[in-house]
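Chemist: If you scroll down you'll find the structure; I have some questions about it.
The values are calculated or read from the model by the stated rules, or taken from the named source; none is laboratory data. No experiment lies behind these values; they were computed from the predicted model shown. Positions of Cβ are backbone-derived with ideal geometry, glycine not excepted, and every protein chain shown enters the neighbour counts. Note: areas computed on protein heavy atoms with side chains; ligands, DNA, RNA excluded. Shrake-Rupley method; radii C 1.70, N 1.55, O 1.52, S 1.80 Å.
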Amino acid sequence: QSCHGLARERWAMQDVQRQRRLILVIVCVALFLDNMLYMVIVPIMPSYLTMWEAQESNASGANAKAANASWTKAVLGPGYPPENEDIKIGVLFASKAILQLLVNPLSGTFIDRVGYDIPLLIGLTVMFLSTIIFALAENYATLFAARSLQGLGSAFADTSGIAMIADKYTEESERSRALGVALAFISFGSLVAPPYGGVLYQFAGRRVPFLVLASVCLLDCLLLLTVIKPFGNRARENMLVGTPIHRLMIDPYIAVVAGALTTCNIPLAFLEPTIATWMKKNMGASEWEMGVTWLPAFFPHVLGVYLTVKLAAKYPHLQWFYGALGMVIIGASSCTVPACRNFGQLIVPLCGICFGIALVDTALLPTLAFLVDVRHVSVYGSVYAIADISYCVAYALGPIVASQIVHSLGFVQLNLGMGLANMLYAPVLLLLRNVCQMKASHSERNILLEEGPKGLYDTIKMQERKGENQEED
């Protein structure tokens with residue numbers, strides 16, 4: 001019987017490991033799709049601009065122009081020129097992050113109440129609908145609605161996905177590795193989307209890139225329903241009650257991490273909508289050079305993720321230092337961007353920015369989960385909603401504010417300001433240097449385990465702890 005019991009435990013452990021890997025795949029695909037959808041529209045925008053101009057000139061003449069002007073005025077406000085296409089495109093790109101920013105406090109609380117699987121399914125379903133609307137869109141209003149709807153889906157899918165990884169991978173080294181993989185998929189989605197969209201648009205039409213993404217999103221939904229069964233028997237009585245998001249926001253350590261995540265992403269968010277124009281004006285860049293500006297930066301980003309995961313496993317007490325080093329690299333790289341005179345030179349600081357962002361994100365995202373473990377309750381929806389809010393602040397401001405700063409102050413001043421902000425924020429991460437020495441609080445999960453296991457996952461975790469205690473003895 002003892003042998004049979006050990007065999008069952010071993011099989012159960014393998015089953016849990018297999019499920020964790022499948023969950024990581026589901027979440028990575030969701031994050032990949034979200035970032036693909038965010039950037040795939042870039043090479044297709046000229047097609048939409050041509051279509052809007054044709055609608056205005058041919059469809060109903062003055063009435064169409066008046067309707068379009070009133071829509072622009074309603075969205076952008078009366079202070080903006082009604083026919084300014086750059087501003088319209090900026091607001092279109094920012095609308096996703098703005099709605100995501102507004103919904104995240106609610107989605108984080110919802111995730112803490114119902115768990116991670118149902119919100120992830122909701123997010124994927126909304127993203128699927130958004131992608132279909134993108135494919136069918138014929139005017140600015142429909143495109144704006146699709147973009148905003150994507151923000152709603154992202155607020156649920158991104159936050160619940162990252163939180164689910166933190167919940168399933170409880171060991172710090174495993175958690176860092178799993179979150180690093182997720183970050184690599186985010187980067188890959190953002191960088192591969194423009195060439196993917198451009199090629200499919202050229203050979204198959206502007207609807208096909210969206211329909212392909214919608215199909216992958218639907219498959220991810222079906223895999224989620226198969227692996228996790230979110231509407232099966234749910235042991236709600238065993239669910240922990242998470243710390244309210246407003247209390248997490250005033251935690252000084254979490255606030256420091258959130259500030260770092262916003263600051264380090266500002267250079268990327270502000271350069272994406274402005275650098276192509278600057279390249280064309282100052283270095284006579286060709287269309288292909290502007291199209292692949294960020295593509296080389298994918299490799300140092302993945303390298304940064306890999307190095308940080310390895311270093312965190314060996315020296316976990318230096319997570320704050322990896323983040324601070326990343327911010328210094330971002331600051332120095334941002335300051336050198338305006339000094340570049342050709343495409344080859346420009347690749348170096350852009351790679352530096354993405355390498356630095358990888359260091360910051362990979363070091364600090366697991367730190368958020370650790371802070372919740374030791375200072376609050378081990379439920380991660382709200383804390384990763386705060387992380388998502390931090391990103392959204394940068395990407396909501398970037399498409400709208402960056403062009404205005406360049407127009408008012410200049411491209412050089414924009415980069416110097418962003419670089420200085422990162423340099424000045426880096427020493428603030430010294431406040432996190434003693435975080436790893438904090439002792440884990442007597443969390444509700446520990447209490448549950450001491451009372452006796454109430455589910456397969458807790459049973460296995462209790463067996464692991466018993467094994468660790470025996471080894472120590």
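Chemist: Tell me which residues, restricted to segment 150-174, are surrounded by fewer than 24 Cβ atoms within 10 Å (Cβ to Cβ) and either assigned to a helix (DSSP H, G or I) or among the hydrophobic types (A, V, I, L, M, F, W, C) (or both).
Modeler: Here is the first cut: in segment 150-174, the ones surrounded by fewer than 24 Cβ atoms within 10 Å (Cβ to Cβ) are 152, 167-174.
Scanning segment 150-174 gives Leu152, Asp167, Lys168, Glu172, Ser173, Glu174.
Chemist: With respect to Ala184, is the statement that it is touching a residue at least 12 places away in the same chain (Cβ under 8 Å), of a type outside the set (Asp, Glu) and open to solvent by less than 20 Å² (accessible area, probe 1.4 Å) true?
Modeler: Details: touching a residue at least 12 places away in the same chain (Cβ under 8 Å): yes; of a type outside the set (Asp, Glu): yes; open to solvent by less than 20 Å² (accessible area, probe 1.4 Å): no.
Here the answer is no, as Ala184 does not meet what is asked.
Chemist: Taking only pairs six or more apart or across chains, which ones have beta-carbon atoms under 6 Å, a first residue in segment 291-311 that is at pLDDT 90 or above, and a second residue that is open to solvent by 50 Å² or more (accessible area, probe 1.4 Å)?
Modeler: Val309/Arg177
Chemist: Somewhere in segment 139-149, is a residue polar (S, T, N, Q), assigned to a loop (DSSP other than H, G, I, E, B) and open to solvent by 50 Å² or more (accessible area, probe 1.4 Å)?
Modeler: Within segment 139-149, the first condition is being polar (S, T, N, Q), and the residues that meet it are 139, 142, 148.
Next, from what is left, pick out any that are assigned to a loop (DSSP other than H, G, I, E, B): 139.
Among the residues that remain, those that are also open to solvent by 50 Å² or more (accessible area, probe 1.4 Å) are: 139.
Yes - at least one qualifying residue is present in segment 139-149.
Chemist: Working only within segment 274-291, note down all residues that are surrounded by 14 or more Cβ atoms within 10 Å (Cβ to Cβ) and of a type in the set (A, V, I, L, M, F, W, C).
Modeler: Those that are surrounded by 14 or more Cβ atoms within 10 Å (Cβ to Cβ) and of a type in the set (A, V, I, L, M, F, W, C): Ile275, Ala276, Trp278, Met279, Met283, Ala285, Met290.
Chemist: Just a yes or no: is a residue in segment 242-261 open to solvent by 70 Å² or more (accessible area, probe 1.4 Å) and among the acidic types (Asp, Glu)? It would help to see each step written out before you state the result.
Modeler: As a first pass, look at segment 242-261 and keep what is open to solvent by 70 Å² or more (accessible area, probe 1.4 Å): 246-247, 249-250, 252.
Those left that are additionally among the acidic types (Asp, Glu): none.
Checked against the condition, which is being open to solvent by 70 Å² or more (accessible area, probe 1.4 Å) and among the acidic types (Asp, Glu), segment 242-261 yields no hits at all.
Chemist: Quick check on segment 146-157. Is at least one of its residues among the polar types (S, T, N, Q), closer than 28 Å to Phe298 by Cβ and touching a residue at least 60 places away in the same chain (Cβ under 8 Å)?
Modeler: Looking for residues that are among the polar types (S, T, N, Q), closer than 28 Å to Phe298 by Cβ and touching a residue at least 60 places away in the same chain (Cβ under 8 Å), one finds at least one in segment 146-157, hence yes.
Chemist: Just to verify a result, which residue in segment 123-138, among those that are open to solvent by less than 10 Å² (accessible area, probe 1.4 Å) and closer than 20 Å to Gly197 by Cβ, is farthest from the chain's Cα centre (by Cα)? Don't jump to the end; show me each part of the working.
Modeler: Start the filter on segment 123-138 by keeping residues that are open to solvent by less than 10 Å² (accessible area, probe 1.4 Å), which leaves 123-124, 127, 130-131, 134-135, 137.
Okay, now just the ones that are also closer than 20 Å to Gly197 by Cβ, so 127, 130-131, 134-135, 137.
Values: Met127: 14, Ser130: 17, Thr131: 18, Phe134: 20, Ala135: 23, Ala137: 25 Å.
Filtering first and then ranking leaves Ala137.
To keep it simple, each residue is scored yes or no on (1) open to solvent by 20 Å² or more (accessible area, probe 1.4 Å); (2) part of a helix (DSSP H, G or I); (3) over 30 Å from Arg433 (Cβ atoms).
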{"site": "Thr293", "(1), (2), (3)": "no, no, yes"}
{"site": "Pro296", "(1), (2), (3)": "yes, yes, yes"}
{"site": "Val302", "(1), (2), (3)": "yes, yes, no"}
{"site": "Tyr306", "(1), (2), (3)": "yes, yes, no"}
{"site": "Leu311", "(1), (2), (3)": "yes, yes, no"}
{"site": "Gln319", "(1), (2), (3)": "yes, yes, no"}
{"site": "Tyr322", "(1), (2), (3)": "no, yes, no"}
{"site": "Gly326", "(1), (2), (3)": "no, yes, no"}
{"site": "Leu346", "(1), (2), (3)": "no, yes, yes"}
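Every residue, every condition in (1) farther than 30 Å from Leu106 by Cβ; (2) at pLDDT below 95, yes or no:
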{"residue": "Gly326", "(1), (2)": "yes, no"}
{"residue": "Gly331", "(1), (2)": "yes, no"}
{"residue": "Ala339", "(1), (2)": "yes, yes"}
{"residue": "Leu368", "(1), (2)": "no, yes"}
{"residue": "Arg375", "(1), (2)": "no, yes"}
{"residue": "Asn422", "(1), (2)": "yes, no"}
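Chemist: Quick check, is Arg206 at pLDDT 90 or above, open to solvent by 20 Å² or more (accessible area, probe 1.4 Å) and not aromatic (Phe, Trp, Tyr)?
Modeler: no
Chemist: Which of (1) of a type in the set (Ser, Thr, Tyr); (2) crowded, with 20+ Cβ neighbours inside 10 Å; (3) free of Cβ contacts under 8 Å to residues at least 60 places away in the same chain does Tyr384 not meet, given it meets every other one?
Modeler: Only one criterion in (1) of a type in the set (Ser, Thr, Tyr); (2) crowded, with 20+ Cβ neighbours inside 10 Å; (3) free of Cβ contacts under 8 Å to residues at least 60 places away in the same chain is unmet by Tyr384, namely (3).
Chemist: Of everything in segment 396-422, what is crowded, with 23+ Cβ neighbours inside 10 Å and either within 30 Å of Pro119 (Cβ to Cβ) or of a type in the set (Lys, Arg) (or both)? Give them in sequence order.
Modeler: Ala396, Gly398, Pro399, listed by residue number.
Chemist: Applying the selection to segment 124-143, what residues are small (Gly, Ala, Ser) and farther than 18 Å from Gly161 by Cβ?
Modeler: Within segment 124-143, the first condition is being small (Gly, Ala, Ser), and the residues that meet it are 130, 135, 137, 141.
Within segment 124-143, Ala135, Ala137, Ala141 meet the criteria.
Chemist: Right, another one. Do any helices (runs of 4 or more DSSP H) entirely within segment 1-107 hold 1 or more residues that are at pLDDT below 85, closer than 24 Å to Gly205 by Cα and open to solvent by 40 Å² or more (accessible area, probe 1.4 Å), and if so, which?
Modeler: On the way: elements: 2-39, 45-54, 62-76.
Counting at least 1 such residues, we get 45-54.
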